[in-house]
Amino acid sequence: MADVNHTAFRPGTFLLVGIPGLEKFHLWISLPFFSMYIFALLGNLVLLFTIVREQSLHKPMYLFLSALTVADLLLSTTTVPRMLAIFWFRVGDISFGACIAQMFLIHFISVAESAILVAMAFDRYVAICNPLRYVTLLTHSVIWRIELAAVVRSFCIVLPCVFLLLRLSYCRNRVIPHSYCEHMGVARLACTSIKVNAVYGLTVALLSAGIDVVFIAVSYGLILRAVFQLPSAGARRKAMSTCGSHLCIIFLFYTPAFFSFLTHRFGGHSIPRHVHILLACLYVVVPPMLNPIIYGVNNKQIRETVMSM
């Protein structure tokens, strides 16, 4: 029987179990996830429509924000509907191809979103530290190139994960103890060595997100130095208010991502598996829900535009 269980093959389908250990609470867990997803959809669609419709918002900061909004919509829509199908109807079957596609999209969007946050930090740096060159440096063509570079970088980083999974031989076990497909969750079902997958996944996470965080930290270090050198308290408050929303979004994006990643890799058995999975599920729905709220509340121009619609 053991030989049968370890016979190598590529399964037609995988089975996503949702949040392992909390199956009997899936219905109750689904309620906040459904609510957060609806708020994320409505909030991001309203924010995107507002930026596209209002000509005065066609500025670098808002164009980057619209790219972030699109990424949030794609990330939550790629994951949450299937989660809800598992929670409500226990429909956890997903084809091998669909699982690989979902894995690619989730990691692709996450890496791209991280790059967008770096671009937004650079935008704030130029606006505050070099305001006279702001219009000439961040033209629409430059913005499109930055966003295209973010997409290309993300594609090049995540695509190897697809081939690393396709090269593996899988065992008869097709159960993924997760609510969606992610790289190492799928790789652990393989019968062959996944050392290359683990090393590549760790290296990419530390280098891509780690380098992005360093760039953001340097940008805001220079911004804070410039802000405290401003002559008037009013100017300092105005400068900080323009950065406050972005800092909140950075905190919301990186904190759960790094916490989930580090505890998943190095937490061992000290943290229950259902905590890891629950954090990973919250990561794909909480930031998309809160981002439009943060910008809608803290940004006067967006708030007034929405109110006048």
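With a 1.4 Å probe and all protein chains left in place, how much of the accessible area of the chain comes from carbon and sulfur atoms, in whole percent?
71 percent
Considering all alpha-carbon pairs of the stretch 1-109, what whole percent are spaced by more than 17 angstrom?
Roughly 66 percent, rounded to a whole number.
Per the helix-only calculation at 222 nm, which mean residue ellipticity applies to the chain, given -39500 (n - 2.57) for every DSSP H run of n ≥ 4 and division by its residues, nearest 500 deg cm²/dmol?
Theoretical 222 nm ellipticity from helices: -25000 deg cm²/dmol.
On average, how much area does the Cα convex hull of the stretch 128-279 cover when viewed from any direction, in nm²?
12.1 nm²
Counting Lys +1, Arg +1, Asp -1, Glu -1, what net charge surrounds Val186 among other residues with beta carbon under 14 Å of its beta carbon?
Every neighbour counted, the sum reads +3.
Compute for the chain: radius of gyration divided by Kirkwood radius, i.e. Rg/Rh, restricted to C-alpha atoms, rounded to two decimals.
Result: Rg/Rh = 1.01.
Sum up the charges of everything whose Cβ sits under 15 Å from the Cβ of Ala115, counting Lys and Arg as +1 and Asp and Glu as -1, but leave Ala115 out.
-3
Per residue, how much accessible area does the chain show when a 1.4 Å probe rolls over the protein heavy atoms, in square angstrom?
Averaged over the residues of the chain, the accessible area is 50 Å².
Taking the Cβ of Leu22 as the center, what net charge do the other residues with Cβ under 15 Å away carry, scoring Lys and Arg +1 and Asp and Glu -1?
That works out to +2.
Using the Kirkwood radius over Cα pairs, work out the Stokes-Einstein diffusion coefficient for the stretch 115-160 at 25 °C and 0.890 mPa s, in µm²/s as a whole number.
Calculated translational D: 215 µm²/s.
For Val52 and Lys24, calculate 0.36 nm times their separation in residues minus their Cα-Cα distance, and state this gained length in nm to one decimal.
Result for the pair: 5.7 nm of gain on full extension.
Residue-wise, which Karplus ³J(HN,Hα) couplings in Hz belong to the stretch 103-109, taking 6.51 cos²θ - 1.76 cosθ + 1.60, θ = phi - 60°, and x for glycine or proline?
4, 4, 5, 4, 6, 4, 5
Amide H to amide H under 5 Å from Thr13: which residues, 5+ apart in sequence or cross-chain, H placed 1.01 Å off N in plane?
Here Phe96 satisfy the definition.
The values are calculated or read from the model by the stated rules, or taken from the named source; none is laboratory data. What you are looking at is a predicted structure, and each value in this text was computed from that prediction instead of being measured. No Cβ is skipped: glycine too gets one built from the backbone with ideal geometry, and neighbour counts run over all protein chains shown. Calculation scope for accessible area: heavy atoms of the full protein, side chains included, ligands and nucleic acids excluded. Shrake-Rupley method; radii C 1.70, N 1.55, O 1.52, S 1.80 Å.
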